[in-house]
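Novice: Sending over a structure as structure tokens; questions will come in a sec.
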Amino acid sequence: MEKDITLEYAKKLDEQDVLKKFREEFYLQPNVIYMDGNSLGLLSKRAEQSLLILLDSWKKYGIDGWIQGEHPWFYFSDTLSGMCASLVGAEREEVMITGSTTSNLHQLIATFYHPGGSCTKILADELNFPSDLYAISSQLSLHGYNPEEHMVLVKSHDGDMLNEADIIEAMTDGVALIVLPSVLYRSGQILNIKELTKAAHERNILIGFDLCHSIGSVPHELSDWDVDFAFWCNYKHLNGGPGAVGGLYVNRKHFGHKPGLAGWFGSDKEKQFDLSTEMIPASNASAYQIGTPNILSAAPLYGSLEMFAEAGIEAIRDKSLKLTDYMTLLIEEELSDFQFMIASPKEHDRRGGHIYLVHKEAARICKALKEYKVIPDFRSPNGIRLAPVALYNSFEDVWKTVQIIKKIMKEESYKKFENKREVIA
Ligand SMILES: *Cc1c(COP(=O)(O)O)cnc(C)c1O
């Protein structure tokens, strides 16, 4: 990328963008620059359309919507799972669109955590999203183990990044299960899933990953890397809508493993309506569903995943890296007087889909940005996440965002706000 910081160059990059036509498919508000697609992706017209189609099948068919209409509800989760599989690098049978990030993690721990003897610990990291740690901790308690002793958290040296070497060193004999993020939600660091999985398996430990911040932004090869399980939400980069149904992956070598938390939708589909008192689980990842799928909260995903298939995850990743490279360049060139620190990794194979800017006035800089109609994401205590998203953000959006930050810093207009987070940040 050229070291050109002019608006003309931003426009030139937009002209060359092979994904530019997708921007028109999203509901972008006039004069608003949305940089928060890693928290909640925007609505697209196609996602809206698929939601309306499923709503209509309820209107027209009532109970028969389970087997009639354009997307019969009984098979809808399977349809979505098939559409999602290539995004995680898995076979369609290994993926299930169901539950939420946290409830899927509960399911997967309940299924794959089998403590025995002195092998009782669950290994995670101190930078992981709190909900994951709460889930791990409560699962340990359910098994009668004190989480303070049995949840081992790998430490970060600088509060932003993790070292794979430290994680591998923590894979000791007492560890029964490992749960890690693919991309850290603050700094955006990518962990080396392949290397960590190999190291875990050499020690006979099962390992799973939280893909919330990578799915739809970074390609995965879960099957090739031989990951045991994974889970994610579909409302961030995948634009499935607030509280959209999540997803899980179970490596086919574990098929047949009894679900830790069983429910009738995990049944073999042919047998489910026998309504037998004994459950016959499905022979694939479908077994880890629990109850009736939330059809209306899964519906927008259909339209959204269609766009991912058309755009291709490789092209999305390529543009995403260009956007974050460009943002990095502009921050370095334009904001050098204002004590910002870029805490996301520079290397492409280390950087996820967003830039993490650290500044002691971060909370009120974010409030000032919102006043200027730039939507960032504040992470307590001092982080600003900016996610230029490949499908709907432009290079011009990035250029304008950095100009607005510069203006806010020059005018010191952030000073009229309190340096404190809002209820949701
Ligand atoms: C967003 C996010 C979650 C959210 O969990 P939900 O159950 O979907 O609320 C969990 N983990 C990570 C890493 C996240 O980024």
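Novice: Build a GNM of the chain with springs between Cα atoms under 10 Å: which of 21, 121, 269 gets the top mean-square fluctuation?
Specialist: Judging by the Gaussian network model, the answer is 21.
Novice: Follow-up. Pick from 221, 411, 25 the residue whose mean-square fluctuation is largest in a GNM of the chain, springs joining Cα atoms under 10 Å.
Specialist: 411
Novice: Still on this model: Just to be sure I understand the model, the point goes 7 Å from the Cα along the line to the Cβ. What's the resulting residue 5 to residue 91 distance in nm?
Specialist: 5.3 nm
Novice: If I build a Gaussian network model for the chain, linking alpha-carbon pairs within less than 10 angstrom, which residue out of 306, 371, 361 has the largest mean-square fluctuation?
Specialist: Taking springs between Cα atoms under 10 Å, the residue moving most is 371.
Novice: Let me ask something else about it. Using DSSP, restrict attention to beta bridges with both residues in the stretch 204-327 and report what percent are antiparallel, rounded to the nearest 5. Before the final figure, lay out the partial values.
Specialist: Details: 5 of 8 bridges.
Antiparallel: roughly 60 percent of the beta bridges in the stretch 204-327.
Novice: Now, a different point. With label points built 7 Å along Cα→Cβ from the Cα atoms of residue 416 and residue 252, find their separation and express it in nm.
Specialist: Label at residue 416, label at residue 252, 6.1 nm between them.
Novice: Sticking with this one: If I take R0 = 35 Å and measure r between the Cβ atoms of residue 32 and residue 350 in this structure, what FRET efficiency does the formula 1/(1 + (r/R0)^6) give, to the nearest 0.05?
Specialist: 0.70
Novice: Antiparallel as a % of all DSSP beta bridges within the chain, to the nearest 5? All intermediate terms of the calculation are to be shown ahead of the outcome.
Specialist: On the way: 21 of 39 bridges.
Restricted to the chain, the bridges split so that about 55 percent are antiparallel.
Novice: If you don't mind, there's one more thing I want to ask. Using a 1.4 angstrom probe on heavy atoms only, work out the carbon and sulfur share of the accessible area of the chain in %. Before the final figure, lay out each step's value.
Specialist: On the way: 9510 of 18460 Å².
Result for the chain: 51 percent of the exposed heavy-atom area is carbon or sulfur.
Novice: Shifting gears a bit: Per residue, how large is the accessible surface of the chain? Use a 1.4 angstrom probe and give square angstrom.
Specialist: That works out to 43 Å² for each residue.
Novice: Could I ask something else about it? Against the longest principal axis of the chain, how steep is helix 73-88, in degrees 0 to 90 to the nearest 10, with axes from Cα atoms?
Specialist: Roughly 60 degrees between the two axes.
Novice: Could you tell me the ratio Rg/Rh of the stretch 232-294? Both radii from Cα atoms, Rh via Kirkwood.
Specialist: Answer for the stretch 232-294: 1.04.
Novice: Report the paramagnetic label zone for residue 360: residues of the stretch 391-425 whose backbone N is under 18 Å from a point 7 Å from Cα along the Cα-to-Cβ axis.
Specialist: Of the residues in the stretch 391-425, 409-410, 412-421 have backbone N under 18 Å from the label point off residue 360.
Novice: While we're here: Could you work out how much longer the chain between residue 203 and residue 58 gets when fully extended? Use 0.36 nm per residue separation minus the Cα distance between them, nm to one decimal.
Specialist: Numbers: separation 145, 0.36 × 145 = 52.20 nm, distance 5.03 nm.
Separation in residues times 0.36 nm, less the Cα-Cα distance, equals 47.2 nm.
Novice: Report, to the nearest 10°, how far helix 193-202 tilts away from the longest principal axis of the Cα atoms in the chain, using its own Cα long axis and a range of 0 to 90°.
Specialist: It is inclined by approximately 40 degrees.
Novice: Okay, moving on. Calculated from DSSP H runs of 4 or more alone, at -39500 (n - 2.57) each and per residue, what is the 222 nm mean residue ellipticity of the chain, nearest 500?
Specialist: Here the helix-only value at 222 nm equals -11500 deg cm²/dmol.
Novice: Also, quick follow-up: Applying 1/(1 + (r/R0)^6) with R0 = 35 Å to the Cβ-Cβ distance of residue 142 and residue 309, what FRET efficiency is obtained, to the nearest 0.05?
Specialist: Working: r = 39 Å, r/R0 = 1.12.
The value I calculate is 0.35.
Novice: Quick one: 3J(HN,Hα) in Hz for the stretch 172-189, Karplus 6.51/-1.76/1.60 with θ = phi - 60°, rounded, Gly and Pro as x.
Specialist: The phi angles translate into 8, 4, x, 8, 9, 7, 10, 10, 9, x, 7, 10, 5, 5, 8, 6, x, 5 Hz.
Novice: Kindly state, to the nearest 0.05, the FRET efficiency for residue 334 paired with residue 168, given R0 = 30 Å and r defined as their beta-carbon distance.
Specialist: Calculated value: 0.15.
Novice: Stokes-Einstein at 37 °C, 0.692 mPa s, Kirkwood radius from Cα pairs: D for the stretch 105-223 in µm² s⁻¹?
Specialist: Approximately 228 µm²/s, per Stokes-Einstein.
Novice: Determine, for the stretch 49-309, the count of lysine pairs separated by eight or more sequence positions (or lying on different chains) whose alpha-carbon distance falls under 20 Å. Spell out each step's value before the answer.
Specialist: On the way: 121/155; 121/198; 194/253; 198/253; 258/269; 258/271.
Final tally of qualifying lysine pairs is 6.
Novice: Starting from the Kirkwood Rh over alpha-carbon pairs, what translational D in µm² s⁻¹ does the chain have by Stokes-Einstein at 4 °C and 1.567 mPa s? It would help to have the intermediate numbers written out before the result.
Specialist: Working: Rh = 22.5 Å.
It comes out at roughly 58 µm²/s.
The values are calculated or read from the model by the stated rules, or taken from the named source; none is laboratory data. Model, not experiment: these values are computed from the prediction. Using ideal geometry, Cβ is built from the backbone for each residue, glycine included, and neighbour counts are taken over all protein chains shown. The accessibility values were calculated without ligands, DNA or RNA, using every heavy atom of the protein model including side chains. Shrake-Rupley method; radii C 1.70, N 1.55, O 1.52, S 1.80 Å.
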